[in-house]
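**Q** Sharing a structure below in structure tokens format, with a few things to ask.
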Amino acid sequence: MQRELSRPPTFFNHVPDTYLFGLGGLAFATAWLWPNAVVFPTVLRWAGVAVIGAALVLIAATMSTLRRARTSTNPIDAPSRLLVTGPFSWSRNPLYVAYVVALCGCALASGSWLALGCPLLGFVVMNGLIIPIEELRMAEEFGNAYRRYCQQVRRWL
């Protein structure tokens, strides 16, 4: 019989993805809404595009690892496996690392100094609201194995 895990709040379903796209859109909206805030040189803006590309590679690698393990990418689903290989061998949250990196790329690509707050806000929301709920559920499901993993692998990098 499966134990009932603590349920995340209903707003939690796909919140990380929503924040990624919302904050990424906000980063570009700042350039449109406040054109005087666009101060980054073109080379830095293109570097932002490259950073977004790197984040997409990490997202693809992480999603591939999740799919191969046949575990859900939806944070509201109960965890089914403790992944410790691939990107999960160097970060407990490689998808969220990729999201913050993507937001940094969006901020640079937008050219607006105002957009630099978007990756910071994304990090604060993920680190303060989303990850603690996921970590609690992982600890409930996997116990000491998860606690050992937490001692060996950092939350972010």
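**Q** By how many nm would the segment from Arg148 to Thr18 grow when fully extended, if each residue of separation counts as 0.36 nm and the alpha-carbon distance is taken off?
**A** Residue separation times 0.36 nm, minus the Cα-Cα distance, leaves 43.7 nm.
**Q** Sticking with this one: Would you mind calculating the gained length between Ser72 and Val43 on full extension (0.36 nm times residue separation, minus the Cα-Cα distance), in nm to one decimal?
**A** 6.6 nm
**Q** Let me see the pair-distance distribution of the chain: every alpha carbon pair, 5 Å bin width, integer percents in order.
**A** Binned Cα distances yield the sequence 2, 9, 16, 20, 18, 13, 9, 6, 4, 2, 0, 0, 0.
**Q** Can you tell me the relative contact order of the stretch 47-100? Whole percent, Cα pairs under 8 Å, sequence separation 6 or more.
**A** For the stretch 47-100, the relative contact order is 44 percent.
**Q** Here is a further query. Sort the stretch 51-124 into rounded, prolate or oblate with this rule: let a ≥ b ≥ c be the square roots of the eigenvalues of the Cα gyration tensor; rounded if a/c is under 1.5, and if a/c is not under 1.5, prolate when a/b is larger than b/c, oblate otherwise.
**A** Because a/c hits 1.5 or more and a/b exceeds b/c, the stretch 51-124 counts as prolate.
**Q** Right, here's the next one. How many percent of all Cα-Cα pairs in the stretch 102-157 sit more than 15 Å apart?
**A** In whole percent, the share of Cα-Cα pairs in the stretch 102-157 beyond 15 Å is 60.
**Q** Okay, moving on. What percent does the relative contact order of the chain come to when contacts are Cα pairs within less than 8 Å and at least six residues apart?
**A** Averaging sequence separation for qualifying contacts and normalising by length gives 36 percent for the chain.
**Q** Where in the stretch 27-47 does the amide nitrogen come within less than 19 Å of the point 7 Å from the Cα of Leu121, taken along Cα to Cβ?
**A** Only 27-39 pass the distance filter.
Rule-based calculations on the coordinates, nothing more; no lab input. Source: prediction; values computed, not measured. We place every Cβ from the backbone using ideal geometry, glycine too, and count neighbours over all the protein chains shown.
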